[in-house]
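The values are calculated or read from the model by the stated rules, or taken from the named source; none is laboratory data. The shown structure was predicted, so the numbers you read here are calculated from the model rather than taken from an experiment. A quick note on method: Cβ atoms are made from the backbone with ideal geometry, for glycine too, and the neighbour counts reach across all protein chains shown.
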Amino acid sequence: MGAYWVTVLDVTIPILLTVLAGVAIGRWRRTDTRSVADVAMYVLAPGLVLHALVGGDTGGEALAVAEFTLVNLAVLWAISAVTGRLLRFTRSQRAALALTTLFSNAVNYGLPVCLLAFGQTGYRQAALYVVGQSFLLFSLGVYLASAGTRGPAAALAEVRRTPVIYAALAAAIMAALGWHWPGGLDSALGLLADAYPALALMVLGLQLSKTDWRQGLTGLPLWTGVALRLVAAPLVAKAALWALGIHGTLASVLFVEAAMPAAVNAAVFVEQFGGERSQVAMTVAITTAISFFTLPWLVIAS
């Protein structure tokens with residue numbers, strides 16, 4: 001079996017089935033999607049960050065990963081802002097566009113792909129990218145999601161109430177001091193970390209179960225978001241890697257992570273804070289569905 005079909009069967013099919021499970025439970029049961037999103041954002045996500053950061057060996061690659069992450073995000077943000085203004089999107093539509101353009105599904109999708117394609121070395125490098133993007137996602141991402149329906153002050157207040165920010169800061173201090181979690185606590189955090197991807201994907205499924213597909217599949221903001229995430233994002237990533245002089249396996253890993261479909265967390269955030277729910281959920285769903293076919297080729301080309 002070729003590498004393409006191995007990637008499809010071992011990575012993308014499990015993700016698709018988990019999303020469909022969320023769709024099914026949303027159709028058959030009266031489920032409070034926001035409560036499920038609260039569990040993912042306020043309990044499982046901090047556990048994931050604390051478990052991933054403490055005790056990890058970042059090595060000299062951390063600086064290169066940080067540089068790439070910031071440059072890549074800045075360029076994508078500029079492209080998203082200019083595009084939204086030129087197309088005369090509303091404030092909430094521009095916020096949703098930025099949310100799905102800037103942040104890729106690096107955790108739930110990217111980590112398994114990198115493990116399969118590049119082995120343990122690639123997985124470790126991908127984890128560095130995930131930590132940086134998680135910090136930005138749960139700070140800037142929360143701000144963007146909140147700013148879509150609230151003013152800047154209220155959006156910043158939501159960022160301050162986001163526990164992942166404090167979890168990342170605490171974990172960074174512990175890692176710098178060389179501290180480790182006691183065995184039992186580390187195991188508990190590991191359970192939370194392992195539970196997060198599946199629950200985040202099911203939140204997406206729950207949102208999709210309540211989406212009017214006839215209305216959801218139309219609209220310029222939606223397809224603009226799809227184009228920016230699947231076309232512009234990989235091109236920007238390649239350019240950033242070239243400009244920063246990053247090569248080898250690290251470059252391949254960063255390219256694949258940056259080329260992932262829109263982050264599932266974007267759907268979690270708009271469920272939590274309001275905004276263009278249909279636009280974000282459908283952008284995540286469509287980019288994920290298309291990536292089932294395109295991402296294996298990106299892995300091969302990386």
Check: Which one of 27, 94 is surrounded by fewer than 14 Cβ atoms within 10 Å (Cβ to Cβ), touching a helix residue (DSSP H, G or I) at 6+ places or on another chain (Cβ under 6 Å) and in a helix (DSSP H, G or I)?
Finding: 27
Next item on the list: Kindly provide the set of residues from the stretch 29-49 that are modelled with pLDDT under 85 and either on the phi > 0 side of the Ramachandran plot or among the hydrophobic types (A, V, I, L, M, F, W, C) (or both), ordered by number.
Entry: 37, 40, 41, 45, 48, 49
Check: Which condition does residue 85 not pass, out of (1) touching a Ser or Thr at 6+ places or on another chain (Cβ under 9 Å); (2) at pLDDT 90 or above; (3) surrounded by fewer than 22 Cβ atoms within 10 Å (Cβ to Cβ); (4) among the basic types (Lys, Arg), if it passes all the others?
Finding: (1)
Check: If we scan the stretch 38-50, do we find a residue that is surrounded by 14 or more Cβ atoms within 10 Å (Cβ to Cβ) and over 18 Å from the mean Cα position of the chain (by Cα)?
Finding: no
Item checked: Selection within the stretch 61-83 - touching a residue at least 60 places away in the same chain (Cβ under 8 Å) and over 14 Å from residue 133 (Cα atoms) -> 61, 75, 79, 80, 83
Check: Quick check: anything in the stretch 75-82 within 20 Å of residue 291 (Cα to Cα), modelled with pLDDT of 80 or more and crowded, with 22+ Cβ neighbours inside 10 Å?
Finding: yes
Note to self: Of the conditions (1) surrounded by fewer than 17 Cβ atoms within 10 Å (Cβ to Cβ); (2) touching a helix residue (DSSP H, G or I) at 6+ places or on another chain (Cβ under 9 Å), residue 251 satisfies every one except a single condition; which number is it?
What the structure shows: (1)
Next item on the list: Name the residue, out of 99, 128, that is more than 20 Å from residue 169 (Cα to Cα) and assigned to a helix (DSSP H, G or I).
Entry: 99
Check: Can you pull out the helices (runs of 4 or more DSSP H) entirely within the stretch 237-302 that have at least 3 residues that are farther than 21 Å from residue 139 by Cβ, of a type outside the set (Phe, Trp, Tyr) and touching a strand residue (DSSP E or B) at 6+ places or on another chain (Cβ under 9 Å)?
Finding: 277-301
Checklist line | Matching entry among 242, 297 (being more than 16 Å from the chain's Cα centre (by Cα), in contact (Cβ under 8 Å) with a residue 12 or more places away in the chain and surrounded by fewer than 18 Cβ atoms within 10 Å (Cβ to Cβ)) | finding: 297
Check: Would it be correct to say that residue 288 is of a type outside the set (Phe, Trp, Tyr), at pLDDT 95 or above, more than 25 Å from residue 66 (Cβ to Cβ) and surrounded by 21 or more Cβ atoms within 10 Å (Cβ to Cβ)?
Finding: no
Next item on the list: Select from the stretch 266-302 the residues that are touching a Phe, Trp or Tyr at 6+ places or on another chain (Cβ under 7 Å) and not hydrophobic (A, V, I, L, M, F, W, C) and write down the one among them that is nearest to residue 73 (Cα to Cα).
Entry: 302
